[in-house]
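The values are calculated or read from the model by the stated rules, or taken from the named source; none is laboratory data. Small disclaimer: the values here were computed from a predicted structure and weren't measured. Backbone-built Cβ (ideal geometry, glycine too); neighbour counts: all protein chains shown. When the accessible area is computed, the model is the full protein with side chains, heavy atoms only, and any ligands, DNA or RNA have been set aside. Shrake-Rupley method; radii C 1.70, N 1.55, O 1.52, S 1.80 Å.
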Amino acid sequence: MNVKRIFFVFLTAVLGGIVGVYAFVLFVKPDQEIVAVERPVVPAARYASMGVAAPVGVPDFTVAAEKSVEAVVHVMTKANVSGNGYSQNNPFYDFFFGPRGGTMPDRSPVMGSGSGVIISEDGYIITNNHVIDNADEIEVILNDRRSYTATLVGTDPTTDIALLKIEEKGLVFLTYGSSDDLRIGEWVLAVGNPFNLTSTVTAGIVSAKSRSINILANRNQPMGIESFIQTDAAVNPGNSGGALVNTRGELIGINTAIASQTGSYAGYSFAVPVGIAQKVVADLMEFGEVQRAFIGVQIVGVTAEIAEQYDLDKVEGVYVSAVTVNGGADAAGVKEGDVIISIDDVKVNTNSELIEQVSQHRPGDKVHLVVKRGGKRKQFTVVLRNSYGSTDLVKEKEGISDLLGAELRKLTDQEKAKLGIDYGMKIVKLKTGKLKQSGVGEEFIILKANREPISSVKDLKNVIASTDGGLFITGVYPNGQVAYYAINLQD
């Protein structure tokens, strides 16, 4: 009896539970949660030689590299150097340079190498001036190993750019990109021939723009234009003159220098922006020399100290510390104490940023300045001028004769032997001009200008282009009389 009762109670409880659960599910309908247990995925094995798709987000450099290596060339130079420009047992050498302390034997030809960039299908090539400086022979070797003797079209030591030409058609070349639009952090490739290793490609990012490192000033270029693109792409000796390209394979700079205490790459490299190089090349093609333009001001980048010193309301722009009398800025109404904020709508906060923008113009061009004066903004239109204070463009066959008032020619072998010198430019005709005003006489032989040897008209032009207005020449007359003269080019 008790067993039947216990069984009945148990059965009732079970049935009640089932009914309760059914009713709960039927009326409440709770959310269902499905838990998926992931199984570990074993990557498929593959041979190391098989291609692997690049991870998402990593830039693909292959197209830019393929375009660039065919357009970047190896530049080999040879300079036939003997002594120091003066023959042995020459008393004039001691006068200018001090005692030699013995004889100076002739030296073997000096060999050099660098890189260059083809910029046209008919053989125009950009390189650095320091790659071909003083070279007597220039050889260009293409990526496919074809070799050519190159002609030097022109040079611009103030930007360290030179233009070469080889006689060939149908060459692969790089198109110009925009260095102004280049952004810090953007990926770039450096292509060149470091350590004579041809067609070498390295990658990095743009780490800074408008960088000045005073490398041109250290090469006796006080008017040098430095507004380098700084990258961390590996660049070594031999890369000079090579291409800096963006990921589209467009030329955005000419690799020029490295920051290093050892002579090899140490983390930073510098390239001339293509905006500067492109203008230099265009001038050399059209005029045979670079048309340098000037606003006519002396400037200082605004720092916290400068802002405090001159009671400026904000740290921005470049401070005008002086205005050239009768220069372009003076004529437009710019005054000492003004702060230049922008030029042609491009903001400028350092000297190099302002110089970079001006360097892309020629004398006679107009630029628009936004200037702060007394806390208020003013706008000025400045007509740029050349280093002589006019808006004229100077052609290759002009300039020196017109400016200095002299016709020059190289010395004959007999004249060199008579005076015991190896180079010099002789004044064969003197007319009204800077030389005559300074007391220079006819037949004077110019040996040095601002301490630079002068063996051609081009040498003299380069010195004048890099000076800030003063020219100091040393030389000798045919009778052996040594003389030197100071010439003011600004008057």
Can you tell me which of (1) more than 30 Å from residue 333 (Cβ to Cβ); (2) of a type outside the set (Phe, Trp, Tyr); (3) at pLDDT 85 or above; (4) in contact with a helix residue (DSSP H, G or I) (Cβ under 9 Å, 6 or more places away or on another chain) is the one residue 391 doesn't meet? (1)
Lone unmet requirement of (1) modelled with pLDDT of 90 or more; (2) over 11 Å from the mean Cα position of the chain (by Cα); (3) under 24 Å from residue 342 (Cβ atoms) for residue 274: (2)
What are the residues in segment 442-473 that are open to solvent by less than 20 Å² (accessible area, probe 1.4 Å) and over 32 Å from the mean Cα position of the chain (by Cα), if any? 444, 445
If we keep only residues of segment 314-338 that are charged (D, E, K, R) and open to solvent by less than 60 Å² (accessible area, probe 1.4 Å), then the residue nearest to residue 301 (Cα to Cα) is 316
Just to be sure, is residue 233 in a helix (DSSP H, G or I) and free of Cβ contacts under 8 Å to residues at least 60 places away in the same chain? no
With 296, 275 as the choices, which residue is at positive phi and buried (at least 16 other Cβ atoms within 10 Å of the Cβ)? 296
Residue check: is residue 487 at pLDDT below 90, open to solvent by less than 20 Å² (accessible area, probe 1.4 Å) and in contact with a strand residue (DSSP E or B) (Cβ under 6 Å, 6 or more places away or on another chain)? yes
Among the residues of segment 416-437, write down those that are at pLDDT 85 or above and loosely packed, with under 15 Cβ neighbours inside 10 Å. 417, 418, 428, 429, 437
So for segment 194-216 (the condition being of a type in the set (S, T, N, Q), touching a strand residue (DSSP E or B) at 6+ places or on another chain (Cβ under 7 Å) and open to solvent by less than 10 Å² (accessible area, probe 1.4 Å)), does at least one residue qualify? no
Subset of segment 113-127 (residues that are open to solvent by 20 Å² or more (accessible area, probe 1.4 Å), part of a strand (DSSP E or B) and either modelled with pLDDT of 95 or more or of a type in the set (A, V, I, L, M, F, W, C) (or both)): 124
Answer yes or no as to whether residue 360 is in contact (Cβ under 8 Å) with a residue 40 or more places away in the chain, open to solvent by 50 Å² or more (accessible area, probe 1.4 Å) and in contact with a helix residue (DSSP H, G or I) (Cβ under 6 Å, 6 or more places away or on another chain). yes
Per the list (1) open to solvent by less than 40 Å² (accessible area, probe 1.4 Å); (2) closer than 20 Å to residue 224 by Cβ, residue check on residue 341 breaks on (2)
Quick check, is residue 413 closer than 30 Å to residue 129 by Cα and without any contact (Cβ under 8 Å) to a residue 12 or more places away in the chain? yes
